[in-house]
1. I'm trying to understand the selection: among the residues of the range 176-207, which are in contact (Cβ under 8 Å) with a residue 24 or more places away in the chain, farther than 13 Å from T319 by Cβ, open to solvent by 10 Å² or more (accessible area, probe 1.4 Å) and small (G, A, S)?
2. Is it fair to say R72 is without any contact (Cβ under 8 Å) to a residue 60 or more places away in the chain and in contact with a strand residue (DSSP E or B) (Cβ under 8 Å, 6 or more places away or on another chain)?
3. Looking only at the range 49-72, how many residues end up being among the hydroxyl-bearing types (S, T, Y) and either closer than 26 Å to L391 by Cα or modelled with pLDDT of 95 or more (or both)?
4. Could you check how many residues of the range 81-113 are surrounded by 16 or more Cβ atoms within 10 Å (Cβ to Cβ), polar (S, T, N, Q) and in a loop (DSSP other than H, G, I, E, B)?
5. With the condition being under 19 Å from K434 (Cα atoms), I'd like the strands (runs of 3 or more DSSP E) fully within the range 331-403 carrying at least 2 qualifying residues.
6. Going through the range 7-23 one residue at a time, which ones are open to solvent by 10 Å² or more (accessible area, probe 1.4 Å) and either at pLDDT below 95 or assigned to a helix (DSSP H, G or I) (or both)?
7. If only one of S28, S116, S48 is open to solvent by 20 Å² or more (accessible area, probe 1.4 Å), more than 30 Å from Y329 (Cα to Cα) and touching a Phe, Trp or Tyr at 6+ places or on another chain (Cβ under 7 Å), which one is it?
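The values are calculated or read from the model by the stated rules, or taken from the named source; none is laboratory data. Computed from a predicted structure; not experimentally measured. Neighbour counts are summed over all protein chains in view; Cβ atoms, including those assigned to glycine, are modelled from backbone coordinates with ideal geometry. Heads up: the accessible areas ignore ligands, DNA and RNA and are worked out on the full protein's heavy atoms, side chains in. Shrake-Rupley method; radii C 1.70, N 1.55, O 1.52, S 1.80 Å.
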Amino acid sequence: MTQEFKPDVIIIGSGVGGGSVARQLVGSGAKILIIERGDFVPNEPENSDPEAVYTQRRYRTHEEYQDEAGNRYRPSQYYYVGGHTKWYGTAMFRFRERDFSEVRHEDGISPAWPVSYGDLERWYDEAERVFGVRGRAGIDPTEPPRSAGYTHDAVPHEPLIAEMAERLARQGLRPFPNPVAIDFGPGGSCIRCGACDAFACRYGAKGDGETRLIRPILNHPDVRLWTKAQATRLIPASDGRIAAVEVLCEGQLSRVEARTVVLSAGAINSALILLRSANEAYPDGIANRSGVVGRYLMNHHLTGLVGFMPFRVNETKFTKTMAINDFYYGLPDDPDAGGNIQMLANLKGPMISSNIPWMPKRMADVVARHSVDWLCMSEDLPSAASRVRLLPGDRVEVAYYPGGLAAHNKFVGHVRTRLRKIFPLVLHRPSGIKGPVHQCGTVRMGDDPATSALNNLCQSWDHPNLHVVDASFFPSSAALNPALTVCAQALRVGARLRDAWREGKLAA
Ligand SMILES: Cc1cc2nc3c(=O)[nH]c(=O)nc-3n(C[C@H](O)[C@H](O)[C@H](O)COP(=O)(O)OP(=O)(O)OC[C@H]3O[C@@H](n4cnc5c(N)ncnc54)[C@H](O)[C@@H]3O)c2cc1C
């Protein structure tokens, strides 16, 4: 770590939020320091070994959180250059137009965003290009308007998935190609190794935060990346600006100053950093005059379904080529009971036994070989009671009260009934907040400083030189994978910061 480089902008976190802002700022003349708590994922055989990833939890944080009842656990949080996209399933969806408006449900309200789909459309387009998303426009029945098609055509189905699509179409559904960020096709680096969703790619074929955002800018003279450097607190000045970031690196605490700070440590960690920065002037934490920081944590309701085929083996390497949105706006008799259906990874035995501990390992291996695996995803409605909190001794509490779960379970029941027409046995397993894969909402943006922490450009209402740009800015979770929306808004914010820098108006 060298101290000679004097940054104009500090970006905390190298995930899709932080990386996208950095990408926009490069070339503006601003000196950018990216502070990343983790290191690069080492390229090693264990990357694609389910035993190492799931049973031994080789890459997972060793931190402990506790739930609202005080039960401690080791969360599925991963700290690496590129953030959680190193492990993600590459499904890159745009949210629908309605997802940005207020929608009232029986179990709560999905609040409006301070930006519309129209505000984000050109940034979605750019985000898809940056991540190399492969898809086909015009087939998804809920697809929002697009100014252009995908740059790359959809990844083709392997035979079993094509058969599934046909059989579901015969049920009257409209399966469509899942938009995925995979460098697959002629000249592409994807070799269909079979370890993708939930594994770090050994071949650089996954469009993730490292390959698409960080690596391409690393050699620029205005960029520095500090790895294994953990931002612990933001230090406010007496005039309300953020004066410095406190960083823990190699056991040493130091302060780094910059004109502007972009906090992109992920929804749980960004909230924790703001809360941990409390002092006499800001007793409830930084950017928290509204009291919302840490609250409204959402994660999607995610249920995995395993369609068991006793007499067939699933040889599919890359399953995630199909999705279904026919029930995105609910079931015919219940508009709340809906969401997205997409393929899960082709599950491996250790992935099943780590989720269903009572299942003997050999049985899990058999189920894995003979199954086709699905994911039902529904909106998680925000609640102020679902919150990330710091307890004495810097312990972390994640209290979670999922909103809309009964409606999700009804949706899952409907999907199971349909899958039972294909498979003699369909097992299902919900995942919870201990694996906060789609964590969001803890530093929400809005139009009103009394009820939100950030304005519609992710700028803190309380500290003009602080932007919080990761999934924590989501006011609602929609029912689609979040990464493309984080990227689109981060590109939008980054472009504004770049223009402000060029005009000499970057908040100082
Ligand atoms: C297994 C899995 C599958 C997924 N599949 C999909 C999918 O198919 N499609 C999709 O859209 N989304 C998917 N997601 C979710 C997606 O990966 C996240 O929504 C997205 O990566 C969030 O980006 P972010 O920038 O908000 O935060 P993060 O990716 O969490 O980035 C935050 C960064 O900050 C760093 N950091 C944290 N604390 C500190 C600190 N104190 N100091 C410095 N650095 C810090 C972290 O190490 C990390 O690099 C998946 C996630 C997982 C885990």
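1. Correct list: G185 only.
2. Taking the combined requirement at face value, the residue satisfies it.
3. Result for the range 49-72: 3.
4. 1
5. In the range 331-403, 371-378, 387-391, 395-399 are the strands (runs of 3 or more DSSP E) which contain 2 or more residues that are under 19 Å from K434 (Cα atoms).
6. V16, R23 - these are the residues of the range 7-23 that are open to solvent by 10 Å² or more (accessible area, probe 1.4 Å) and either at pLDDT below 95 or assigned to a helix (DSSP H, G or I) (or both).
7. S48
Residue-by-condition table, conditions (1) closer than 28 Å to V256 by Cα; (2) away from the ligand (no atom under 11 Å from the Cβ):
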{"residue": "G13", "(1), (2)": "yes, no"}
{"residue": "N47", "(1), (2)": "no, yes"}
{"residue": "Y59", "(1), (2)": "no, no"}
{"residue": "A69", "(1), (2)": "no, yes"}
{"residue": "P75", "(1), (2)": "no, no"}
